[in-house]
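K.L.:
Handing you this structure, nothing more for now.
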Amino acid sequence: MRSHHYLLPVIAGAVLVAGAEPALADDPPVIGGPGVPVHPTAPSGPGGPPGTPQKVQYAPTEVVGLNGSATTGVAVNDGGTVVGTSGEHAFSWSDGRIVDLGALDGGISAAVGINDSGLIAGNSTDATGVGHAVVWRDHLLTDLGPGVAFAVNDPGQVLVERPVGTETHRFLWQDGEFTDLGVRAPGTETTGLTDAGDVLGTYPVPAGDPCECGVSAGVLHDGAVTTFGALVTGVPDPVSRPSGANDDGDVVGAAAIDQSGTSRPFLWHDGALIQLPVLGGAQGIARDVSPGGFMIVGRARTDHDPAEVPVAWDSLGQVRDLTEQGFTAGDDPVQITDTILILTNRDGHAYLYR
């Protein structure tokens with residue numbers, strides 16, 4: 001199970017030519033393009049893996065909300081259990097049954113992630129309106145104290161931010177114990193967590209970096225930060241932001257390409273920031289990536305419509321319009337699981353595609 005924003009990054013099988021430098025000019029490398037060949041063993045055709053976009057048609061199941069309320073799905077595990085928010089409470093949904101997870105006394109709640117063992121992380125206000133990080137196991141709530149939870153991974157670590165004096169620190173909570181990961185720098189953000197315990201987010205870029213930027217997407221691993229930089233130079237901070245990752249170290253997200261904030265989807269793979277192709281329109285975002293990079297899901301504009309549509313990129317670097325595979329134009333993909341379940345949100349409702 002990967003973090004979605006949960007934290008949760010590159011299509012497996014697509015690598016830079018040996019010795020090539022990541023481009024930071026007007027023409028960054030594009031998957032499947034010059035200088036970024038597809039790995040010779042990348043699955044394709046009839047022998048491709050389940051979930052290869054051009055081979056699969058999907059059917060949605062609506063996640064019906066609590067008492068008919070709107071739903072926002074935020075995460076799904078490999079078993080198909082969806083968590084999110086409906087009305088003013090966090091929920092858990094599986095096989096057509098929704099459960100109100102409740103909240104601290106007098107408060108409201110929201111889920112942020114679920115792992116494959118069913119541990120759910122989220123947030124709840126208390127009776128005075130103070131936000132607390134919480135977890136639910138077997139639908140029973142445990143208060144982790146004041147702070148904000150962002151994600152949970154399969155080992156059972158919950159990523160939490162808590163105030164320490166005048167600073168904000170990141171922590172990993174597991175089995176009742178907190179481990180302090182250090183200060184989150186002002187002007188940066190936390191976006192996800194991997195099964196290895198790596199923290200996705202935006203981080204200050206070291207002085208002199210070729211990206212000529214101040215803040216970019218990056219990952220915190222064993223106390224050391226790796227920043228991803230930019231697709232092009234001369235764009236506003238943060239120049240890139242991660243959305244999701246897989247267990248292979250691939251990270252996906254969006255990176256700015258001009259001063260107006262237009263963004264393109266990216267894949268971080270083997271130390272290189274790679275631009276993913278779009279459907280001919282101006283921009284897009286990659287949300288999540290499956291194991292092995294067989295499928296990345298997100299949204300992109302087409303060359304004939306200013307609105308974005310749900311898309312998928314396969315291991316050959318091809319981008320596909322998912323409205324041709326059973327999705328609707330309004331679907332906003334949130335996560336893809338190891339079992340190729342795709343969670344989306346559309347018009348105030350969550351849907352699980354299989």
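K.L.:
Using amide H atoms built in the peptide plane, which far-off residues or other-chain residues are under 5 Å from His132 H to H?
P.N.:
Ser124, Thr125, Asp126, Gly147
K.L.:
Given R₀ = 22 Å, FRET efficiency for Gln325-Thr61 by Cβ-Cβ distance, to 0.05?
P.N.:
0.90
K.L.:
Separate question: Modelled label-to-label distance, Ala70 and Ala207, 7 Å Cα→beta-carbon offset: nm?
P.N.:
The modelled label-to-label distance comes out at 4.7 nm.
K.L.:
Which residues does a label at Thr128 reach in region 148-165, if reach means a backbone N under 18 Å from a point 7 Å past the Cα toward the Cβ?
P.N.:
Flagged as within label range: 148, 162-165.
K.L.:
Take Val148, project a point 7 Å from its Cα along the Cβ direction, then tell me which residues of region 54-75 have their backbone nitrogen under 20 Å from it.
P.N.:
72-75
K.L.:
Can you list residues whose amide H is under 5 Å from Ala350's amide H, if they're 5+ apart or on another chain and H is modeled 1.01 Å from N?
P.N.:
Placed amide hydrogens put Val63, Thr71, Gly73 under 5 Å from Ala350.
K.L.:
Rounded to whole Hz and in sequence order, give me ³J(HN,Hα) for region 133-149 from the Karplus expression 6.51 cos²θ - 1.76 cosθ + 1.60, θ = phi - 60°, writing x for Gly and Pro.
P.N.:
Along region 133-149, the couplings run 6, 9, 10, 10, 10, 6, 6, 9, 8, 10, 7, 9, x, x, x, 10, 8 Hz.
K.L.:
Could I ask something else about it? Can you list the HN-Hα couplings for region 335-345, worked out from phi with the Karplus curve (6.51, -1.76, 1.60; θ = phi - 60°), rounded to whole Hz and with x for Gly and Pro?
P.N.:
Per-residue couplings from phi come out as 7, 10, 8, 4, 9, 6, 8, 10, 9, 9, 10 Hz.
K.L.:
Turning to a different aspect of this structure: Please identify which residues in region 328-352 have an amide N closer than 17 Å to a label point set 7 Å out from the Cα of Glu189, following the Cα→Cβ vector.
P.N.:
The answer is 333-335.
K.L.:
Leaving out ligands and nucleic acids, note down the accessible area per residue over region 278-354 with a 1.4 angstrom probe, in whole Å².
P.N.:
Per residue, region 278-354 has an accessible area of 32 Å².
K.L.:
Now, a different point. Which value, in debye to the nearest 20, describes the size of the charge dipole of region 141-288 about its Cα centre when Lys and Arg Cβ atoms bear +1, Asp and Glu Cβ atoms bear -1, and nothing else is charged? Provide the component values of the computation, followed by the final result.
P.N.:
Values: 6 positive and 20 negative charges, 110 e Å.
That gives a dipole near 520 debye.
K.L.:
Which distance in Å, rounded to a whole number, links the C-alpha centroids of region 213-227 and region 140-196?
P.N.:
Here the answer is 17 Å between Cα centres.
K.L.:
Order these peptides, 302-308, 257-263, by their mean beta-carbon neighbour count within 10 angstrom, highest first.
P.N.:
Packing order, densest peptide first, comes out as 257-263, 302-308.
K.L.:
Mind checking the per residue accessible area of region 175-259 for me, 1.4 Å probe, whole number of Å²?
P.N.:
Value returned for region 175-259: 41 Å² of accessible area per residue.
K.L.:
Quick one: Karplus J couplings for region 236-246, per residue in order, coefficients 6.51, -1.76, 1.60, θ = phi - 60°, nearest Hz, x for Gly and Pro?
P.N.:
x, 7, x, 6, 7, 9, x, 10, x, 8, 10
K.L.:
Another question, if that's okay. Let's see if you can work this out: charge +1 on each Lys and Arg Cβ, -1 on each Asp and Glu Cβ, no other charges. What is the dipole magnitude of region 112-220 about its Cα centre, in debye to the nearest 20?
P.N.:
220 debye
K.L.:
Could you work out how much longer the chain between Asp100 and Asp78 gets when fully extended? Use 0.36 nm per residue separation minus the Cα distance between them, nm to one decimal.
P.N.:
Residue separation times 0.36 nm, minus the Cα-Cα distance, leaves 5.8 nm.
K.L.:
Charges only on Cβ, +1 for Lys and Arg, -1 for Asp and Glu: so what's the dipole of region 173-242 about the Cα centre, in debye to the nearest 20?
P.N.:
Its charge dipole is roughly 300 debye.
K.L.:
Among Thr339, Gly317, Ala350, whose Cα sits farthest toward the positive end of the charge dipole of region 301-354 (+1 at Cβ of Lys/Arg, -1 at Cβ of Asp/Glu, about the Cα centre)?
P.N.:
Thr339
The values are calculated or read from the model by the stated rules, or taken from the named source; none is laboratory data. What you see is a predicted model; the values in this text were computed from it and never measured. FYI the Cβ positions are ideal-geometry reconstructions off the backbone, even for glycines, and counts take in every protein chain you see. Ligands, DNA and RNA are excluded from the accessible area calculation, which covers all protein heavy atoms including side chains. Shrake-Rupley method; radii C 1.70, N 1.55, O 1.52, S 1.80 Å.
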